[in-house]
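Everything on this sheet refers to the single structure shown next.
The values are calculated or read from the model by the stated rules, or taken from the named source; none is laboratory data. Computed from a prediction, not measured in an experiment: that's the story for all the values here. As a convention, Cβ positions derive from the backbone with ideal geometry for all residues, glycine included, and neighbour counts pool all protein chains shown. When the accessible area is computed, the model is the full protein with side chains, heavy atoms only, and any ligands, DNA or RNA have been set aside. Shrake-Rupley method; radii C 1.70, N 1.55, O 1.52, S 1.80 Å.
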Amino acid sequence: MDPELTRRLLHLLDHVEHWLPPAPVEVDWSRDVAALWQRHALGGRLLPVPPRDALSLDDLLGIERQKLALVDNTRAFLQGLPANHALLWGSRGSGKSSLIRALLNSLASEGLRLVQVDRHDLASLPMLVEQLRHHGQRFVVYCDDLSFEGHDDAYKALKSVLDGALTGPPPNVLLYATSNRRHLLPESMNDNEGSRLVGDELHHGDAVEEKISLSDRFGLWLGFHPFNQDVYLEACCHWVTQLGRREDWNAEARAEAIRFATLRGGRSGRGAWQFATQWVGRRRLHGR
């Protein structure tokens, strides 16, 4: 190479090198228990991340049936037994995402590894799954707050990975998703125009069948619903005690918790956590 060209290239590199992102850290699955999948123009990469917190399954109140079903399904998967892809759907703040975090904290020691994929990166999901196929660990690929708009074709990649005609996920990969929508895709009045009765049976139109076919690929459906007042107050008591002291939960705190839920227009596990944070923080701030 021409010495002058070499000199100029090195000079250019000196100027732009500090603008380049740092080299990605390789995931070591013998040590790392979670990673984020990031799509880029040449494919994608895995970035290791530490667990967000020490949330445990015992911290999640009011969803005992859902906890038991998901733990059993995941443990079966980790032991090489048949297990289903899982869709956790329902009202906001009801514990769907928290259950996934607590599941990782509880079962990482049993071999669970978690990879989170953003909805906008789902087009590269087949590439991620193929990469995980060649590892010895067992992975739950997780998409939080999953939903699609009518013009969004990213769901087709998810359908293919879940249950493609000729391909599917390898035996060491399971898909879990959380969503506020049971069928993941928006539903409209127009969708029902193609439905018809044949004898005593209702046959949905093509639009409805297309939307149902995506959620049908998840074998385990777990519904999450708003708390009643007793469960909500139990959760408030739990988190106030966890964040503060036992004596922080009293008649005054109970009345404030009810007022907090009323002002927000609903009761949920997230609301209980937010109330406890506000209540304990304010008491400590004023020396109580």
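Laid out as a table, the results:
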item	result
Unit charges at the beta carbon, dipole of the stretch 229-286: most positive-side option, Gly269, Leu285, Gly244	Leu285
Within the accessible area of the stretch 229-286 (1.4 Å probe), percent carbon and sulfur	50 percent
Computed over the stretch 229-286, Kirkwood Rh from alpha-carbon pairs, angstrom	10.9 Å
Per-peptide average of other Cβ atoms within 10 Å, ordering 272-278, 26-32, 43-49 highest first	272-278, 43-49, 26-32
Net dipole in debye of the stretch 229-286 [+1 Lys, Arg Cβ; -1 Asp, Glu Cβ; about Cα centre; nearest 20]	200 debye
Förster radius 41 Å - calculated FRET efficiency between Ala54 and His11, Cβ distance, rounded to 0.05	0.25
Full-stretch length increase - Arg284, Arg75 - with 0.36 nm per residue and alpha-carbon distance subtracted	71.2 nm
Positive-pole candidate from Ser91, Leu81, Val117, dipole of the stretch 57-123, charges at beta carbon	Ser91
Å² of accessible area per residue within the stretch 229-286, as computed with a 1.4 Å probe and no ligands counted	58 Å²
